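Enquirer: Structure provided below as structure tokens; questions to follow.
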Amino acid sequence: MTPYETLGGASALRALVKRFYQIMDTLPETYGVRKLHPQDLSTSEEKLFMYLSGWLGGPQLFFEKFGQPRLRARHLPFSIGIAERDHAPGDE
């Protein structure tokens, strides 16, 4: 059984990704990372869902639509400093 299946498949993964972005959109301590995203998070949410689907052993949705993830290259336009790298909600 893959992690994707263990999690509960597409519907459970969508709910997890949706909750992640809800938290990022509301917690003051995530403001630094949130401001790197567009105002409308729907595209970011969909891309993360697609990426995690394949990463967890489910359908390779991201790869099929966009090709290799190349995460480093895709994130180069964003300034991620030590604070953003090390921050996790609840660390305060």
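Readers should treat all values here as calculations from the given coordinates under stated rules, not as data from a laboratory. All values reported here derive from a predicted model rather than from experimental measurement. For neighbour counting, all protein chains shown are included, and Cβ atoms are generated from backbone atoms with ideal geometry for every residue, glycine included.
Enquirer: Roughly what would the spin-label model give for Ser11 and Thr43, points 7 Å off Cα along C-beta, in nm?
Expert: Distance between the two pseudo-spin positions: 3.0 nm.
Enquirer: Write out the trypsin sites (Lys or Arg not before Pro) in region 8-38 meeting two conditions: DSSP loop, and at most 14 other Cβ atoms within 10 Å of their Cβ.
Expert: Sparse-neighbourhood loop trypsin sites (Lys or Arg not before Pro): Lys35.
Enquirer: Exposure proxy check: Phe49, Phe66, Phe20 ranked by fewest other beta carbons within 10 Å?
Expert: Final ranking by Cβ density, sparse to dense: Phe66, Phe20, Phe49.
Enquirer: Which value in nm describes the separation of the simple spin-label points at Thr2 and Arg19, placed 7 Å from the Cα toward the beta carbon?
Expert: 2.1 nm
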